[in-house]
Amino acid sequence: MDFAEILFALFIVVVAIVSLLSNLLVLLCFIHSSEIRRQVPGVFTMNLSFCNILISALNMPSTLIGIVKHQKPFGYCLCVTLSFLETFLTANSMLSMAALSIDRWIAVVFPMSYTSKMRYQDALVMVCYSWLHSFTFSLIPVFFSWFDYSPSYASCTLHLSEESARTKFTVFAIVFHATSFMLSLLILCVTYLKVLKVARFHCKRIDIITMQTLFLLVDIHPSVKQRCLSQQKRRKQRATKKISIFIGSFIICFAPYVITRLTELLPFVDVNRHWGIVSKCLTYSKAASDPFVYSLLRQQYKKVLIILANRLLKRDLNPSSGQSSSMDTDNDYSLQRVS
């Protein structure tokens, strides 16, 4: 291995560890909080975390072995299975992010009718569609033997082994990336930009009311006025920053890999091994960032994690109080509300 491949290997190890731990924390919060389980976004978040955990536990180690050994890490059958899982899980995670953006769009644009427009059954239907979509596009290459080890990406993935099938493979790859990556990106851009438009409208209304109040309060201290104005500015920047993270992380992590896969469909293009591994590593990094982008940094998840951490500390400090420390997290929530 050269120095670049050593860095790639270390990067995959770090990403796999962070992804496993963070996504398992999301699942832990989902299990211990009925409040999170009752909410529709929890369905999409669970599906996304499930995909990320499997990618971290199966596909990342496979690519790591491919980088270290410079050859196919496993036998043909296992390599085909890993390729199937990679295609299935990647497409499923993309569609889960699109579903989350639709949910947030409905919640922000139609807050009064959200419960009727986005029911729990509707969320399950959307998840079932993402599974069916991903499974269908993952099953087709199995019949045509388009799954194998690719040296350009050091992983088991979509790979054309016979030039005679290039036309069929090209059509399949274009349709697959168009209905997975491009469709999800289009949904993310449309929904989140509409959310940003509504957020800016509400911020503008709040700013007008705040400014009118400041003009009426003639005797107010200048430092208080300055604090109010700075809060207005932060409020505007916060909405833009969140939308930029949602869309930007999706583009940065998936676009290089998808563009590379579409470019290599041309018969005269040969993908450089280092660039292929870099683009693959970027897709893996999305599995590690998703829990923080969509879940763990939210106040609701932070509360659950704090309660679980306090429970573990109490159990360690006083092992004999197992009965009192075994209360459900939702009981802890109710105690917090009463206090």
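The values are calculated or read from the model by the stated rules, or taken from the named source; none is laboratory data. Fair warning: this is a prediction, and the values are worked out from it, not measured in the lab. Glycine gets a Cβ as well: all are built from the backbone with ideal geometry, and neighbour counts include every protein chain shown. Quick note on the areas: whole protein, heavy atoms, side chains included, nothing else; ligands and nucleic acids left out. Shrake-Rupley method; radii C 1.70, N 1.55, O 1.52, S 1.80 Å.
Annotations
- Here r is the Cβ-Cβ distance between E35 and L266 and R0 is 56 Å; the resulting FRET efficiency, rounded to 0.05, is 0.65.
- The alpha carbon radius of gyration of segment 56-167, expressed as a multiple of 2.2 N^0.38 Å, is 1.39.
- Angstrom value of the Kirkwood radius, inverse mean 1/r, which spans all Cα pairs in segment 47-87: 10.6 Å
- Here is the size of segment 35-105 from its Cα atoms: Rg then Dmax, 15.4, 48 Å.
- Heavy-atom accessible surface of segment 125-166: percent carbon and sulfur, 1.4 Å: 72 percent
- Here the accessible area is traced with a 1.4 Å probe on the protein chains. For segment 243-284, carbon and sulfur cover 75 percent of it.
- All Cα-Cα separations within segment 94-142 were binned at 5 Å from zero, giving a P(r) of 4, 20, 24, 20, 13, 8, 6, 3, 1, 0, each value a whole percent of the pairs.
- In this structure, the residue pairs whose Cα-Cα separation is over 31 Å, taken from K117/K314; K72/K241; K117/K303; K72/K242; K286/K314; K72/K302, are K117/K314; K72/K241; K72/K242; K286/K314; K72/K302.
- Residues of segment 1-26 with an amide N closer than 19 Å to a point placed 7 Å from the Cα of K69 along the Cα-to-Cβ direction: 1-2, 5-6, 8-10, 12-13.
- Residue ranges 146-154, 111-119 sort as 146-154, 111-119 when ordered by packing (mean number of other C-beta atoms within 10 Å per residue, highest first).
- Based on Cα atoms of segment 126-170, Rg over Rh with Rh as the Kirkwood radius reads 1.06.
- Accessible area per residue, Å², segment 1-74 with all protein chains present, probe 1.4 Å: 44 Å²
- Sulfur and carbon atoms: percent of accessible area, segment 1-48 [1.4 Å]: 82 percent
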